[in-house]
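The values are calculated or read from the model by the stated rules, or taken from the named source; none is laboratory data. From a predicted model like this one, the values you see are computed outputs, not experimental measurements. With ideal geometry, Cβ positions are generated from the backbone for all residues, glycine too; neighbour counts draw on all protein chains shown. All accessible areas refer to the heavy atoms of the entire protein, side chains included, with ligands and DNA or RNA removed. Shrake-Rupley method; radii C 1.70, N 1.55, O 1.52, S 1.80 Å.
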Amino acid sequence: MDLLPAQEAAKIYHTNYVRNSRAIGVMWAVFTICFVIITGVVFIQPYWIGDSVNTPQAGYFGLFHYCIGNALTSELICKGSVFDFNSIPSPAFRTAMFFVGISMLLIMGTMVAFSLFFFCNAGNVYKICAWMQLASAALMAMGCMIYPDGWNAEEVKRMCGQRTDKYTLGNCTIRWAYILAIISILDAGLLALLSFTLGNRQDNLLPDNFEVEGAGKAVKRGHDCIKNMSFI
């Protein structure tokens, strides 16, 4: 049976709507994978703060790993391990490491949740991922705010000078990993917003098939869970 003109227009609109949603969904997935890499780099790299031309010693600090120059030989002596909390110079650094680590695990969980698109409603999966990304952003923000509370540690003062205190960096400088962590907060927030938007768009998708009933009324036919789940 031929479709009515109004239904033809609806079919074209539906096709474009689905195509655009899938394209944005692929873009969201790619950016999510990039964010996973960013959080991993932020967690591992020991370049949150570092020396400058005015510091007594050379060196750098991360969330758990740090290196300070030897006063006699200028050789960097490195300490700190994620598996040994006692080797981390400050309780604030340990707390920041915990929050950033959970943030990293949550965003990695978002990638695992991609598999749910093959089994569950796509709109619900997008919203689950959105909440995980929002929580990841909040935890990363908490880690970034708590980290400067540990700048009064003796090891930090050795490198940065005695003027160093909580939230006062003395002669040291903020390094690229800390800046990247702050940028990742905004990134996670934008990804969560996009994920919520995609979830709502999935809820508004029209069915793939139409048939005429009565005076041109379109009804759903062949609308199953698998079709409504796929975002690529």
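Okay, here's what the table says:
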quantity: Solvent-accessible area of THR168 with every protein chain in place, 1.4 Å probe, in Å² to the nearest 10; calculated: 70 Å²
quantity: Compactness of the stretch 26-108 as Cα Rg over 2.2 N^0.38 Å, two decimals; calculated: 1.31
quantity: The stretch 96-205: chymotrypsin sites (Phe, Trp or Tyr not before Pro) in DSSP loop, at most 15 other beta carbons within 10 Å; calculated: PHE119, TYR167
quantity: Segment LEU190-ASN70, length gained on full extension (0.36 nm per residue, minus Cα span); calculated: 38.9 nm
quantity: Rg and Dmax of the stretch 148-197, Cα atoms only, in Å; calculated: 15.8, 50
